[in-house]
Amino acid sequence: MDELVAGFAPQGIVHLAAYTAVDRAEAEPELAAAVNAEGTANMARAAERSGAHLVAVSTDYVFAGDLGRDLVESDPTDPRSVYGRT
């Protein structure tokens, strides 16, 4: 990943890749974690090493969904599924 990112010498990276099969993630937790957690960590390291800014898009599944108001980035997470935890 580092060589690929360094070859482009980007100023910024928008990371959109994700395992998004929410229901299947319950049966494939290792795959969901490999894509969503490890893949994102690899992209973050590559961006850091190349000096690029990283924008990573997430999901509202990282929240429990019971706050009863619009969410903000600083709200506490409390995922209720494999997908949300990864």
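Okay, here's what the table says:
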quantity: Surface per residue (accessible, 1.4 Å probe) for the chain, Å²; calculated: 70 Å²
quantity: Built amide H within the under 5 Å cut-off of Ile13, gap 5+; calculated: His53, Leu54, Val55
quantity: Within a Gaussian network of the chain (alpha carbon springs, distance under 10 Å), most fluctuating of Asp75, Asp60, Asp23; calculated: Asp75
quantity: Simple label model, 7 Å out from Cα along Cβ direction - Arg85 to Asp23, nm; calculated: 2.1 nm
quantity: For segment 1-63, size of Cβ-based charge dipole, Lys and Arg +1, Asp and Glu -1, in debye; calculated: 260 debye
quantity: Percent RCO, i.e. relative contact order, over the chain, from Cα pairs under 8 Å lying at least 6 residues apart; calculated: 39 percent
quantity: Farthest toward positive dipole pole in the chain [+1 Lys/Arg, -1 Asp/Glu at C-beta], among Ala21, Ala41, Pro79; calculated: Ala41
quantity: More than 18 Å apart - percent of Cα-Cα pairs taken over the chain; calculated: 51 percent
quantity: Gain on full stretching of the segment that runs from Leu31 to Val57 - 0.36 nm per residue minus C-alpha separation; calculated: 7.5 nm
quantity: By accessible area with a 1.4 Å probe, ligands and nucleic acids excluded, highest first: order of Met43, Met1; calculated: Met1, Met43
quantity: Candidates Gly51, Gly68, Gly12: whichever shows maximal mean-square fluctuation once the chain is modelled as a Gaussian network with Cα springs under 10 Å; calculated: Gly68
quantity: Mean residue ellipticity (222 nm) of the chain, computed from DSSP H runs ≥ 4 via -39,500 (n - 2.57), nearest 500; calculated: -9000 deg cm²/dmol
quantity: Accessible surface of His15 - all protein chains present, 1.4 Å probe, nearest 10 Å²; calculated: 20 Å²
quantity: Estimated Rh, segment 31-80: Kirkwood, alpha-carbon pairs, angstrom; calculated: 12.8 Å
quantity: Integer Hz, Karplus 6.51/-1.76/1.60 couplings in order for segment 79-86, x for Gly and Pro; calculated: x, 10, 8, 4, 4, x, 5, 8
quantity: Carbon plus sulfur fraction of accessible area for the chain, probe 1.4 Å, in percent; calculated: 53 percent
quantity: For segment 57-69, 3J(HN,Hα) per residue [Karplus equation, 6.51 cos²θ - 1.76 cosθ + 1.60, θ = phi - 60°, Hz, x = Gly/Pro]; calculated: 8, 10, 9, 6, 5, 6, 9, 5, x, 10, 6, x, 7
quantity: Rounded FRET efficiency, nearest 0.05, which uses the C-beta distance separating Asp66 from Ala9 and R0 of 41 Å; calculated: 0.40
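The values are calculated or read from the model by the stated rules, or taken from the named source; none is laboratory data. This one's a predicted model, so the numbers in the text were calculated from it and none came from an experiment. Cβ sites come from the backbone with ideal geometry, for glycine too, and all protein chains shown count toward neighbours. Please note that ligands, DNA and RNA were not included when accessible areas were found on the heavy atoms of the full protein model with its side chains. Shrake-Rupley method; radii C 1.70, N 1.55, O 1.52, S 1.80 Å.
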